[in-house]
1. Taking the simple approach of a point 7 Å from Cα along Cα-to-Cβ for both residue 135 and residue 45, what is their distance in nm?
2. Kindly put 42, 67 in sequence by how many other C-beta atoms sit within 10 Å of each C-beta, fewest to most.
3. Once you have the Cα-Cα distance between residue 171 and residue 55, take 0.36 nm times their residue separation minus that, and quote the gain in nm to one decimal.
4. Once fully extended, how much extra length lies between residue 143 and residue 96, figured as 0.36 nm per residue of separation less the alpha-carbon to alpha-carbon distance?
5. Ranked by Cβ crowding within 10 angstrom, fewest neighbours first, how are 75, 70 ordered?
6. List 118, 60 from most exposed to least, where exposure is judged by having the fewest other Cβ atoms within 10 Å.
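Values quoted throughout were computed directly from the atomic coordinates according to the rules given, and no laboratory measurement underlies them. This structure is a prediction, so every number in the text was calculated from the model and none was measured. Here the Cβ positions follow ideal geometry from the backbone for every residue, glycine too, while neighbour counts run over all protein chains shown.
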């Protein structure tokens, strides 16, 4: 249990951050470490680096949807596909220098935004008729009565940049100061 404690604490903190973001989405909509965690988790540790962010998302998605008065249905597939693209793109940045990894992470945030908002446009009857004009609306202003989607994009990029930078710093620091294991020698 002692080995798992940091992971459990991490999962709780990440889940709490997502839930707090859902409580006051008007303050900083979509400023989240989740995208950076998916990208950096895969780039640094492979598939085992994706398990915690995925667990946090699966656990908190129903809670945040309920808090925001949204249903759970097919719209679940859009962020899953977006995160899948982030993870897939991260595969190309394993062992890349920090600058390239950072740029790749920002590119993954752009792809996530384009994919999820395009799927929202395709599935949401509010965007009618389906045209380049309503696609532009989905990508820039969104549905009237809600925060403009460009704010979500701005905050997603800011969150991706901030948290990727922090994860890069933490990862590089961890590599610079490896943990030494001590054991008892048997005679």
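1. 3.8
2. On the way: 42 23, 67 15.
Fewest to most other Cβ atoms nearby, the residues stand as 67, 42.
3. So the extension gain works out to 39.7 nm.
4. On the way: separation 47, 0.36 × 47 = 16.92 nm, distance 3.88 nm.
Between residue 143 and residue 96, full extension yields 13.0 nm more.
5. Working: 75 16, 70 11.
Fewest-to-most ranking of 75, 70: 70, 75.
6. 118, 60
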